[in-house]
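Just below is one structure, and these are the notes that go with it.
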Amino acid sequence: MVSIRVFNEDFRKLEVSQTIVRDLMVLDDKADTMFADPPDNIKLGYDEYDDRLEAAEYIEFLNELIEFGLQNARTSYISFNAKHMTDMGVLLKAFQCIYPDITVRWLIQGFTFGQHNKSDHGNNFRPIIRITTPETVLRPDAIRRESWRLKNGDKRANPAGKVGGDVFFTDFLEYARVTGNSKQRRSYHPTQLHEGLVHDCLTMTTPDGGTVIDPFMGTGTTLRVCKGNGWNCITSDISEQYCNEVVEEHDLWSHPKGGWITTIE
Ligand SMILES: C[S@@+](CC[C@H](N)C(=O)[O-])C[C@H]1O[C@@H](n2cnc3c(N)ncnc32)[C@H](O)[C@@H]1O
């Protein structure tokens, strides 16, 4: 049985281990994977959250998010805006001094189209960091895809397919930005990640029946991917409106201890 739990909560107040013990019926106190897509601090019009923190405040926000991931998940992914790469690198270096057994891998989400810029390069990518701990189990076979060689009958091709690289681009799956006319698009929210991208990150580090946390639910992309793949999901958003949209879409019911829940056999 898979459990989906939604909280209308600031992620810093989420009690992940309590939720796992209470609802997800496992004896462990950590999720397998955290997937986080925090606001970019670019003055986007979210319902509740004001996306314009002072630079130092935003760095502290990222700092708290990295710590939250380390405390609550075996593996953490954070997707963020390229303009914060320098700050993120400095933060991660400091975390590696405190937690010397973590490793950091940089992944890239490439867009098939980015914002046009007449005076400089356009913006065509978004970084994703993946933090692994000694408890991480990587499952590269889960992300094998038919390779170019296999498609073209090349005898040298591995019949099992090829493990994807660290750039998520259009050579394997469509990882494009979710545009207005995409079937995935939920128009009540200003940004949304592609389900294929979230799926490939999660499946690399989440076993069958495992548990995922997403502290920035938005339209519930992670929740939808978890539902479709038999993973438990704990997700939260500070916006009541976004929570209500997701509760309605997935027909969740109120939980006596707060938030909403559904279970799937
Ligand atoms: C970039 S969006 C996430 C979009 C999501 N990945 C998707 O594909 O739909 C960030 C979300 O974080 C929420 N948020 C901002 N600060 C938060 C906080 N402290 N705790 C929980 N949610 C927060 C915002 O309301 C917004 O919906």
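Some points to look at:
- Rg(Cα)/(2.2 N^0.38 Å) for segment 65-119, N = residue count: 1.41
- A straight chain from Glu57 to Ala160 at 0.36 nm per residue would run longer than the Cα-Cα distance by 32.4 nm.
- Per-selection metrics, segment 136-265 (Cα): Rg and Dmax in Å: 17.2, 59
- Taking other Cβ atoms within 10 Å as a rough exposure proxy, Leu62, Leu44 sort from fewest to most as Leu44, Leu62.
- By the Cβ distance rule of under 4.7 Å, the chain has these cysteines without a partner: Cys97, Cys201, Cys243.
- A simple rule links phi to the HN-Hα coupling: the Karplus curve 6.51 cos²θ - 1.76 cosθ + 1.60 with θ = phi - 60°, which for segment 243-254 gives 4, 4, 4, 6, 4, 5, 4, 9, 6, 7, 10, 5 Hz, with x for Gly and Pro.
- Note that segment 43-200 shows a convex hull volume over its alpha carbon atoms of 171 Å³ per residue.
- Under the criterion of Cα pairs below 8 Å and six or more residues apart, the relative contact order for the chain equals 28 percent.
- Normalised by residue number, the volume inside the convex hull of the Cα atoms of segment 1-127 is 155 Å³ per residue.
- Antiparallel beta bridges, as assigned by DSSP with both residues in the chain, represent about 60 percent of the total such bridges.
- Ranked Lys227, Lys151, criterion: other C-beta atoms within 10 Å, fewest first: Lys151, Lys227
- Taking the number of Cβ atoms within 10 Å of each Cβ as an exposure proxy, the fewest-first ranking of Ser76, Ser147, Ser17, Ser236 is Ser17, Ser147, Ser236, Ser76.
- The distance between label points at Gln184 and Glu146 comes to 2.1 nm (points 7 Å beyond Cα on the Cα→Cβ vector).
- The chain: mean projected area of Cα convex hull, nm²: 16.0
- Protection proxy ranking, peptides 81-92, 45-56, average beta carbon neighbours within 10 Å, highest first: 81-92, 45-56
- Segment Asn81-Lys118, length gained on full extension (0.36 nm per residue, minus Cα span): 11.3 nm
- Per residue, the chain reaches -8500 deg cm²/dmol at 222 nm when only DSSP H runs of four or more residues are counted, each adding -39500 (n - 2.57).
Computed from the coordinates by the stated procedures, all read-outs in this text should not be read as laboratory data. These numbers were taken from a predicted model, which means no experiment stands behind them. Note that we place each Cβ from the backbone using ideal geometry, even for glycine, and neighbour counts take in every protein chain shown.
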